[in-house]
């Protein structure tokens, strides 16, 4: 990934996507906003408990940095579901209920979702010129939301998995993500290779590798171009919001994607 800075805003771009002239994207950090602790400073989560005016100013700063319109944003009210919405300009400015995945071919809108340990999944098909964005915590990963984004892109836009570039963003890593029996049981039910994803620790705990779980699902679909950030948000609380690392009271960082006219 490449780090970018616009004024005080710090964000990242994936190498696989950064060279594209027909795509704009950014994985924003917690740096460069106006929110006060514990949401300092670029919090984009309205439900976290932050001041609404501060969150709005943060959105305006991000939109200026990326050169996108504030009213072009489409997002979902994230509930750890596997629901993927096909969106277009009629959805501009909307927060879609119970939605954790978005796909579009419409250049007039920008997709955005928010994160604080869950996995951002970004998708781009340069052939059909389609994009997708998903929020995959352990529940979304077990429900295979990344797979459902790809399948939705196939059905809605005629995309082929072999053409799609996928990116796995900063999120809690296998180094830090200890899980309990309830998660372990569901991982074992969901994946025939579950024991490769559940990593025993010296203290007897079990860690879940969300990065590998999402990568394997996409590889099984036929995706071959998959870039992983390999940045653990829990270990990088100085740069990213982390639900675990910040002891459950924190903000949300944003990921943005939009198509550009050729």
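Quick check: residue separation of residue 47 and residue 79 times 0.36 nm, minus the Cα distance between them. What number comes out in nm?
Numbers: separation 32, 0.36 × 32 = 11.52 nm, distance 1.18 nm.
Gain on stretching residue 47 to residue 79: 10.3 nm.
Overall, the anisotropy analysis places the range 95-148 in the prolate class: the square-rooted eigenvalues a ≥ b ≥ c of its C-alpha gyration tensor yield a/c not less than 1.5, with a/b exceeding b/c.
For every helix of n ≥ 4 consecutive DSSP H residues, a contribution of -39,500 (n - 2.57) applies; sum these over the chain, divide by its total residues, and give [θ] at 222 nm rounded to the nearest 500 deg cm²/dmol. The per-residue figure over the chain is -7000 deg cm²/dmol. Averaging the Cα positions of each part gives two centres, and for the range 190-262 and the range 74-106 these lie 21 Å apart.
Remark: relative contact order (the range 133-224) = 38 percent; criterion is Cα-Cα distance under 8 angstrom and separation of 6 or more residues.
Restricting the count to DSSP beta bridges whose residues both fall in the chain, what percent are antiparallel, rounded to a multiple of 5? Expressed as a percentage, antiparallel bridges in the chain total about 75. Using the average count of surrounding beta-carbon atoms within 10 Å as a protection proxy, the listed peptides 67-78, 128-139, 144-155 rank, highest first, as 128-139, 144-155, 67-78.
Our note on the geometry: Cα centres of the range 35-54 and the range 134-158, 28 Å apart. The DSSP beta bridges internal to the range 147-262 are antiparallel in roughly 50% of cases. As a rough guide to protection, the peptides 198-204, 158-164 ranked by mean Cβ packing within 10 Å, highest first, stand as 158-164, 198-204. Using only the Cα atoms of the chain, build the gyration tensor, take square roots of its eigenvalues as a ≥ b ≥ c, and label the shape rounded, prolate or oblate: rounded if a/c is under 1.5, else prolate if a/b is larger than b/c, else oblate. Oblate, because a/c is 1.5 or more while a/b does not exceed b/c.
Take every Cα pair under 8 Å whose residues are at least 6 apart in sequence, average their separation, divide by the length of the range 1-126, and the relative contact order is 15 percent. Here the range 188-230 is scanned for amide nitrogen atoms under 12 Å from the site 7 Å beyond the Cα of residue 179 along Cα-to-Cβ, giving 188-200, 206-214.
Using alpha-carbon pairs under 8 Å, 6+ residues apart, how would you state the relative contact order of the chain in percent?
On the way: 624 pairs, mean separation 61.3, N = 262.
Once divided by the residue count of the chain, the mean separation gives 23 percent.
Shape analysis of the range 53-144 places it in the oblate category; the axes a ≥ b ≥ c from the Cα gyration tensor give an a/c of at least 1.5, with a/b not above b/c.
Read-outs throughout are calculated quantities, based only on the coordinates presented, and are distinct from any laboratory measurement. Keep in mind it's a predicted model, so treat the numbers as computed, not measured. Every residue, glycine as well, gets a Cβ built from its backbone with ideal geometry; the counts of neighbours run over all protein chains shown.
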